[in-house]
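Student: Shown below is the structure under consideration.
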Amino acid sequence: MDGQIIANAYHHEYWGFPIALYFWLVGGSAGSFVISSLGWVFGVKKYKPVAFFASNFAIVLLLLVPILLIIDLGKPYRFFHLLMVTSFSHWSAPMVWGSWFILTYPVGMVIYSYFVYKGNQTYARIFGILAVVLAIGTHWYTGVVIQLNPSRDPNHDSAAPLLFLTGAYVSGIGLLIVSMWIRNKFARREIVPESLLIDMSKLMLYGIVFDLFLLFNDFLLATYGTGEEHTMLYDVLLGVFRWAYLYMEVIWGLLLPLLILIIPKIRNSMYWVVLASFMTATGVYGMRIWWVMASTYYQGHF
Amino acid sequence: MAERTFGFNGISPSLDKVGRKRYAMVVDLRRCTGCNACTSACKTGYDVPLGEWRLWVMEAEVGRFPDTKRYVLPRLCNQCDQPSCIRNCPTKATYRHPDGFILQRYNRCIGCRTCMVACPYNARHLLSDKRRDPRNPRDVADKCDFCIIRVTRGLAPLCVASCTGGAMIFGDRNDPKSEVARSIRDNKTFTLRPQMGNEPQVFYIGLDSRIADPEFAYHNRSEQVHNRENTFKTGSELGGDFGGDIIDTEMDFWGLMRHIGRNFKTFFSAAPNKFFRGLY
């Protein structure tokens with residue numbers, strides 16, 4: 001079709017890189033907390049040594065979140081409007097659900113951490129279950145905030161929360177492996193055995209495979225989809241978002257780590273595992289970028 | 001369609017309700033000359049900051065020389081019957097007036113921009129921090145409100161009053177004798193993006209399917225206009241708040257890095273002003 005739009009109001013990207021970073025941090029937090037809970041909640045005893053560190057790590061990641069979110073508001077001092085239950089907060093808006101998740105999740109983690117520190121199995125288990133539900137809820141809601149916008153094309157997809165959770169899982173484990181490896185360099189006692197970190201990389205591998213599977217399904221959907229989905233597909237594969245999606249997420253974040261983790265000669269070498277973890281952890285940020293920004297960019301031209 | 005309400009205090013659509021009004025607009029594109037009188041009246045009337053619009057006129061040139069035609073399309077908030085902005089607003093800052101206006105409460109809005117993401121028509125904007133009159137609301141979402149302040153006093157909205165070609169028709173759809181009800185009844189009318197399920201209440205007569213298509217708008221965006229917008233928004237003091245939030249058309253690796261850096265720079269440099277300029 002020949003034609004040109006010669007006058008239009010081009011709008012801002014409404015949510016930018018800081019919000020993508022927020023999704024990434026929440027994801028990392030949820031992922032590392034899931035690992036933390038393996039030993040004390042789900043009874044996989046060999047993961048008990050990492051539980052305390054992983055839980056605290058998740059708390060630290062989550063503490064950065066309100067800073068980003070509140071600065072990003074146009075009116076930062078009004079953040080409490082989200083929490084005024086009877087008068088202001090609007091329960092049909094997923095952002096309100098998320099505000100409560102973000103508030104309660106760190107509290108649950110702190111209590112869980114305390115009982116892990118004290119070695120109290122019963123209470124650690126009870127609060128661990130609670131905090132795991134909150135961890136998943138916190139990250140689930142970020143997917144839902146993005147998902148419930150019918151006009152934003154790749155986002156309006158029931159797989160969105162699942163993609164977010166899988167990304168959270170792999171990036172959380174990746175971040176945890178890298179930070180524990182660095183910690184091992186400096187710590188004098190309670191050094192986490194390398195074999196445990198390599199075991200964790202196996203868990204990450206399953207996540208990567210599942211993430212690729214979900215992405216492949218999304219790819220199929222877009223290939224057979226509407227014109228708008230074709231446009232979206234072009235943009236993330238060859239267009240504006242190719243760096244965020246194709247290079248950063250798919251190749252750097254998923255395919256190369258997948259290769260590293262399945263080649264028998266190197267998958268048990270600590271340096272390769274740390275490299276793969278680093279690549280996955282950073283690559284997932286690419287997913288957050290295109291997922292948050294691509295649709296608003298494309299729609300912003302209408 | 002079955003009646004839907006939103007939130008705990010949702011107000012159901014007033015269309016065909018006895019004793020209620022349902023204000024709507026018909027834009028007769030056969031009569032629209034694209035003079036932008038509506039845009040300038042709206043801009044000046046509401047002190048809309050540079051780079052933002054409550055109402056704007058989209059223009060497209062379609063065809064190959066010499067068979068070309070220019071289409072115009074005035075765009076404004078569609079005052080939908082099933083508005084996704086209300087559904088997604090976390091603080092009830094945006095709400096529906098019983099007569100069909102979708103309104104914005106500036107003192108509740110926290111500026112989270114969810115409504116903008118939810119709106120399929122890009123009809124919402126964030127008011128700039130730097131207003132001509134500093135008493136005006138800043139950093140909150142704003143939108144066209146069908147000039148409720150004029151309509152409740154018996155005047156036509158600014159865009160309708162200023163329309164040189166008489167293309168904009170405004171009135172109560174529930175009154176079968178009103179001009180707007182007759183126009184909708186007697187003409188074939190179209191709405192923008194009906195598939196979104198928002199039931200928009202701005203109707204167009206003679207709408208060209210190309211200019212109404214987001215895909216066309218994207219694929220045939222003018223590089224020149226796009227670059228000018230980018231230059232303006234990243235360079236201007238007035239539009240600079242979210243300057244980093246525009247994506248370069250050419251986005252190679254360094255473009256991405258530049259863009260990330262610029263976005264975080266504006267993000268953090270705007271923060272002190274937001275926190276220390278006063279409580280509200």
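Student: Consider B:Lys130 carefully, then state whether it is modelled with pLDDT of 95 or more and either of a type in the set (D, E, K, R) or in contact with a Gly (Cβ under 6 Å, 6 or more places away or on another chain) (or both).
Tutor: Criteria not met by B:Lys130.
Student: Test of understanding: among A:Tyr141, A:Tyr105, which residue is assigned to a helix (DSSP H, G or I), surrounded by 21 or more Cβ atoms within 10 Å (Cβ to Cβ), aromatic (Phe, Trp, Tyr) and within 14 Å of chain B (Cβ to nearest Cβ)?
Tutor: Going through A:Tyr141, A:Tyr105 in turn, the sole match is A:Tyr141.
Student: Please work out if A:Phe80 is more than 8 Å from chain B (Cβ to nearest Cβ), over 18 Å from A:Gly174 (Cα atoms), of a type in the set (A, V, I, L, M, F, W, C) and over 21 Å from the mean Cα position of the chain (by Cα).
Tutor: Against the criterion (more than 8 Å from chain B (Cβ to nearest Cβ), over 18 Å from A:Gly174 (Cα atoms), of a type in the set (A, V, I, L, M, F, W, C) and over 21 Å from the mean Cα position of the chain (by Cα)), A:Phe80 qualifies.
Student: What about A:Tyr117, is it away from chain B (no Cβ under 14 Å), in contact (Cβ under 8 Å) with a residue 60 or more places away in the chain, crowded, with 24+ Cβ neighbours inside 10 Å and of a type in the set (Phe, Trp, Tyr)?
Tutor: No; evaluated as a whole, the condition is false for this residue.
Student: Testing A:Pro161 on (1) crowded, with 22+ Cβ neighbours inside 10 Å; (2) at pLDDT below 95; (3) away from chain B (no Cβ under 14 Å), one condition comes back false. Which one is that?
Tutor: Evaluating A:Pro161 over (1) crowded, with 22+ Cβ neighbours inside 10 Å; (2) at pLDDT below 95; (3) away from chain B (no Cβ under 14 Å) leaves (1) as the failure.
Student: Please determine, by comparing only the residues of the stretch A:223-251 that are of a type in the set (Gly, Ala, Ser) and under 17 Å from A:Val292 (Cα atoms), which one is modelled with the lowest pLDDT.
Tutor: A:Gly239
Student: Now for a different question. Assuming B:Gly244 fulfils every condition listed in (1) at the interface with chain A (Cβ under 8 Å from one of its Cβ atoms); (2) at pLDDT below 75; (3) on the phi > 0 side of the Ramachandran plot apart from one, which condition is it?
Tutor: Only one criterion is unmet by B:Gly244, namely (3).
Student: Further question: With the checklist (1) out of contact with any Cys (no Cβ under 8 Å at 6 or more places or on another chain); (2) within 9 Å of chain B (Cβ to nearest Cβ) in hand, flag the one item A:His90 doesn't pass.
Tutor: Exception for A:His90: condition (1).
Student: Among the residues of the stretch B:215-223, are any at pLDDT 80 or above, closer than 19 Å to A:Gly16 by Cα and aliphatic (A, V, I, L, M)?
Tutor: Among the residues of the stretch B:215-223, not one is at pLDDT 80 or above, closer than 19 Å to A:Gly16 by Cα and aliphatic (A, V, I, L, M), which makes the answer no.
Student: Same structure again: Find the residue count for the stretch A:206-237, including only residues that are within 11 Å of chain B (Cβ to nearest Cβ) and surrounded by fewer than 14 Cβ atoms within 10 Å (Cβ to Cβ).
Tutor: Counting residues in the stretch A:206-237 that are within 11 Å of chain B (Cβ to nearest Cβ) and surrounded by fewer than 14 Cβ atoms within 10 Å (Cβ to Cβ) gives 2.
Student: For a quick check of your reading of the model, give me the residue pairs whose first member lies in the stretch A:179-196 and is under 13 Å from A:Val273 (Cα atoms), whose second is in a loop (DSSP other than H, G, I, E, B) and at pLDDT below 90, with beta-carbon atoms closer than 7 Å and at least 6 apart or on different chains.
Tutor: Taking only residues 6 or more apart or on different chains, the pairs are A:Met180/A:Val192.
Student: Continuing with the same structure: Scan the stretch A:65-77 and give yes if some residue there is among the charged types (D, E, K, R) and within 14 Å of chain B (Cβ to nearest Cβ), otherwise no.
Tutor: So far as the stretch A:65-77 goes, yes, one or more of its residues are among the charged types (D, E, K, R) and within 14 Å of chain B (Cβ to nearest Cβ).
Student: Go through (1) within 20 Å of B:Asn88 (Cβ to Cβ); (2) in a helix (DSSP H, G or I); (3) in contact with a Ser or Thr (Cβ under 6 Å, 6 or more places away or on another chain) and name the single condition A:Leu61 misses.
Tutor: Of the numbered conditions (1) within 20 Å of B:Asn88 (Cβ to Cβ); (2) in a helix (DSSP H, G or I); (3) in contact with a Ser or Thr (Cβ under 6 Å, 6 or more places away or on another chain), the odd one out for A:Leu61 is (1).
Student: In the stretch A:182-197, which residue that is among the hydrophobic types (A, V, I, L, M, F, W, C) and over 21 Å from the mean Cα position of the chain (by Cα) is surrounded by the most Cβ atoms within 10 Å (Cβ to Cβ)?
Tutor: A:Val192
Student: Right, another one. Which residues, counting only those in the stretch B:50-102, are among the small types (Gly, Ala, Ser), in a loop (DSSP other than H, G, I, E, B) and within 10 Å of chain A (Cβ to nearest Cβ)?
Tutor: B:Gly51, B:Ala93
Student: Still on this model: Output the qualifying pairs, or none if there are none: Cβ atoms under 7 angstrom, residues six or more apart or on different chains, first residue in the stretch B:112-129 and more than 7 Å from chain A (Cβ to nearest Cβ), second residue outside any loop (DSSP other than H, G, I, E, B) and of a type in the set (Ser, Thr, Tyr).
Tutor: Close Cβ pairs (under 7 Å, with a partner that is outside any loop (DSSP other than H, G, I, E, B) and of a type in the set (Ser, Thr, Tyr)) amount to B:Cys115/B:Thr94; B:Cys119/B:Ser84.
The values are calculated or read from the model by the stated rules, or taken from the named source; none is laboratory data. Note that the structure is a prediction, hence the values are computed from the model and not measured. Here Cβ is always computed from backbone atoms with ideal geometry, including for glycine, and neighbour counts include all displayed protein chains.
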